[in-house]
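The values are calculated or read from the model by the stated rules, or taken from the named source; none is laboratory data. Predicted model, so just to flag it, every value in this text is computed and none were measured. We place every Cβ from the backbone using ideal geometry, glycine too, and count neighbours over all the protein chains shown. Accessible surface areas use protein heavy atoms only, side chains included; no ligands, DNA or RNA. Shrake-Rupley method; radii C 1.70, N 1.55, O 1.52, S 1.80 Å.
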Amino acid sequence: MGRAERAKIQWLFPCLLISFCAIYLIYYPPSYGIEDEGNILQLSYSLSHGTIYPDHAGPYAGPSIDGHRVSKFSAFHAAMIAPLWKLDWRMGFGVAALFFAAGAFVVRNWLTRENLSGDWSVLYFLLFGALYYTQTVMAAVPAAVAGLFGVSLLLREEPRPMPAGLMFGASVLMHPWMGPFAMVSATVWLLENWRIDPVERAGWLFAGAIVPIAMLGTYNLETTGNPFRSVYTLMGHQNSFVGDHFGSYVLFYVASLAIFPLAGWVVFSPKWAKGWTLPATSAAMVLLASLYYYRDGLNVSASAVPSTMALIAGAIPGQRFLIPVSMVACIPAARFLDAQSERMPSWVSRLARPVALGAFIGGFAVMSTAHSSFLRAHATVQQALCETIPGNAAVAISDDVLKETAPICQVFEHAVLTQDSAVPSPDMFTAWLGAPGARAPSGWLEKRDTKTFQIRSWIWNRDLFVAAPSGESLRPARGTTEHTPPA
């Protein structure tokens, strides 16, 4: 993709964008797969009913503050999904996909400003962690793209600090994880340019961020009673940055940048990053992620695939905390790779484009196939619950049902999380989920009409036990695999 070729070929970016849209629609998420997504959907459902308190519109297992259940997730991100409840809640998955597409244009425009080929935007499309999270309702991709846009507005010949401040503020509104990203980026940029009206530029940054800051302060005041205190701080998440896994996590994240994007490690180099803003911001985010108590990834013990494959697959969702860094790393990586490509024969440059497009299409399709299989298995669990248990019935659910399927308010209005050792009331339905061959506690099934559903996919397997109240019969379930449980 050398400079001599740039004016000749301009087809790669539109092909990447069209391919992304096509594959995304083919494998459009059939449901959500984790408790966090269920809680975000619950919050958006509450907002669609005019309240920020999830317990006012349906059940919610969240922290109780001053008599209200308050979500730990962003109400501002959930507000983008809320209107879609009037049509189909599954349309909410498209929010992250739209932000990802917008981020592709930000990267391409940034490359154009640098007199680099827009074809280097392929590095952005090969961020498989970001691609994975476009298929969820999590705020990771929307928040990261807002942060990317903010940085791109600062690192240009004629910086635009006011809209940059607005974008940084919007990123924090969608996810508190973007707070350090925004503050370090803005601070280091001001320090690097301290000779050029630093006070005025700082004022414009603050002016752009003031509306998001006011919105966040107002929300915190309403929910926690203090504009400077969030639900995260009340839950003590700040105490989780202790570095128990630092040695392995920092290696994982730095090694990941060498792949997603290719040569993304050069983001730590002031030479290729053209200053200290990107290196300092990226180092701060990698450090924080490495000090946190966990990273995302596929649970090997819960997978139906061999452990080696599960570990490889787990590296994709494991990119979540790295998404903001990997997005901005595309620009230094493009500079570095473009410089190396000048010494390569022209045929290598020509061949690189179709190979890159093929790698994206093949990789995204394979990842989407696996993720879709996982989500279809979860959708089967949710379908079985919806069809066998009336929506207004009281039901005792196991911890795995909550964690693995996180039933939203349309499944149960009166769901009670119950310990396995407890004996649910005979007047309640029960729902218990476990590994294949596992058996629900006898107190959950005794003297009840019971069905067992075998949830099987090539990546995630479970057995679901559903039982009616004593003396009642379960409604028949349609379209799910079930069998009579062993005596």
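Couple of notes before you dig in:
- Sum of side-chain charges, Asp399 neighbourhood, beta-carbon under 12 Å (Lys, Arg +1; Asp, Glu -1): -3
- For Leu417, the residues 5 or more places off, or on other chains, whose built amide H falls under 5 Å of its own are Ile397.
- Accessible area of the chain divided out per residue, in Å², using a probe of 1.4 angstrom: 43 Å²
- Cβ charges +1 (Lys, Arg) and -1 (Asp, Glu), total dipole of the chain, debye: 1380 debye
- With the charge dipole of the chain set up from +1 on Lys and Arg Cβ and -1 on Asp and Glu Cβ about the Cα centre, the Cα lying farthest toward the positive end among the listed residues Tyr132, Tyr24, Leu357 is that of Leu357.
- Cα centroid separation, the range 72-147 to the range 369-398 (Å): 27 Å
- Fraction of beta bridges assigned by DSSP in the chain that are antiparallel (%, nearest 5): 70 percent
- Taking the helices alone, the chain has a mean residue ellipticity at 222 nm of -16500 deg cm²/dmol, built from -39,500 (n - 2.57) per DSSP H run of at least 4 residues and averaged over all its residues.
- Charge dipole of the range 56-210 about the Cα centre (unit charges at C-beta), most positive-ward option of Pro163, Gly92, Trp110: Gly92
- At least 18 Å along the helix axis (C-alpha) and Kyte average at least -1.0, DSSP helices within the chain: 12-26, 35-48, 94-113, 140-154, 161-174, 178-192, 198-224, 277-291, 323-341, 346-388
- Taking all protein chains as shown and a probe of 1.4 angstrom, Val242 keeps an accessible surface of around 90 Å².
- With every protein chain in place, the chain: carbon and sulfur % of accessible area (1.4 Å): 63 percent
- With the charge dipole of the chain set up from +1 on Lys and Arg Cβ and -1 on Asp and Glu Cβ about the Cα centre, the Cα lying farthest toward the positive end among the listed residues Phe336, Leu153, Val122 is that of Phe336.
- Cut-off under 5 Å, modelled amide H: who pairs with Arg475 long-range: none
- Tensor-based shape of the range 167-298 (alpha-carbon gyration tensor, a/c under 1.5 rounded, otherwise prolate or oblate): oblate
- The range 150-210 shape via C-alpha gyration tensor axes, a/c threshold 1.5: prolate
- The overall shape of the range 370-449 is oblate: from the C-alpha gyration tensor, with semi-axes ordered a ≥ b ≥ c, the ratio a/c is 1.5 or greater and a/b is no larger than b/c.
- Longest site-free stretch - the chain; sites: trypsin sites (Lys or Arg not before Pro), DSSP loop, at most 12 other Cβ within 10 Å: 9-194
- Amide hydrogen proximity for Met428: with H placed 1.01 Å from N in the peptide plane, the residues at 5 or more positions away or on another chain lying under 5 Å are Ser470.
- Rounded to whole numbers, the Karplus 3J(HN,Hα) couplings from phi for the range 455-467 are 8, 10, 9, 7, 10, 8, 10, 8, 10, 10, 9, 10, 10 Hz, using 6.51 cos²θ - 1.76 cosθ + 1.60 with θ = phi - 60°, and x at Gly and Pro.
- ³J(HN,Hα), Karplus 6.51/-1.76/1.60, whole Hz, each residue of the range 443-449, x for Gly, Pro: x, 7, 10, 4, 6, 10, 6
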